[in-house]
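To keep things clear, I will list the structure first and then write my remarks on it.
Derivation of every value follows stated rules applied to the coordinates shown; laboratory data play no part. As the structure is a computational prediction, the values presented were derived from the model and not from experiment. Here the Cβ is made from the backbone with ideal geometry for all residues, glycine too, and neighbour counts use every protein chain on show.
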Amino acid sequence: MVNVFGKKVVSSVLAVLILLSVFLTLPMTAENVNAAVSAPTNLKVTEYSDKAAKLSWSKVAGVTGYLVYYSTDNSNFTKLKTINSQSTTSYTVGGLTAGKAYYFALISYTDINGKITKSERTSSLKITATSSSSVPAPSNLKVAEYSNSAIKLTWTKASDVT
């Protein structure tokens, strides 16, 4: 092969091809792979009270852990907790104030040799801590039956309670 100046370029092309083949056969390591990290899914509240709420979500494969964020205005989020375990899929948030709205969101992350890669933040989940005085009590509590070893109680279920 001859270039426009009349010189042979076969050796240059061959050198480039050799370099490319070496590069393409190198093992892919964490340093040269910047794969996207999936965000957690199914963020929900599984338990709550007037002072705490238990958040849970689905496990994300291939991550180092999760970052829990909170906000009181659904705009300005602050990191609340770093969870350094892929298998941990719940976190109980304490110190809530009854009647106040809180918003929670998660981010998955990987830490490969000190290189942190984060997912997109999940949609926020709104929680309003409930006051125990705001939950209606059952009514018409009665002893329906009794014996020497047992008592059967009945009552009318309060509305909007679990």
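Please give the net charge around SER90, taking every other residue with its beta carbon less than 11 angstrom from that of SER90, where Lys and Arg add +1 and Asp and Glu add -1. Summing Lys and Arg as +1 and Asp and Glu as -1 gives +2. Legend: ranking of residues PHE77, PHE104 from fewest to most surrounding C-beta atoms inside 10 Å; resulting order PHE77, PHE104. Residue by residue, region 124-130 carries 3J(HN,Hα) couplings of 6, 10, 8, 10, 10, 5, 9 Hz when phi is fed to the Karplus relation 6.51 cos²θ - 1.76 cosθ + 1.60 (θ = phi - 60°); x denotes Gly or Pro. Under a 5 Å amide H cut-off, with hydrogens placed 1.01 Å from N, GLY65 pairs with TYR109 among residues at least 5 apart or on other chains.
Seen from all sides and averaged, what is the projected area of the convex hull of the Cα atoms in region 35-134, in nm²? Mind dumping the intermediate values first?
Details: hull surface 25.2 nm².
If you wrap the Cα atoms of region 35-134 in a convex hull and average its projections, you get 6.3 nm².
By other beta-carbon atoms within 10 Å, ranking ILE151, ILE112 with the fewest at the front produces ILE151, ILE112.
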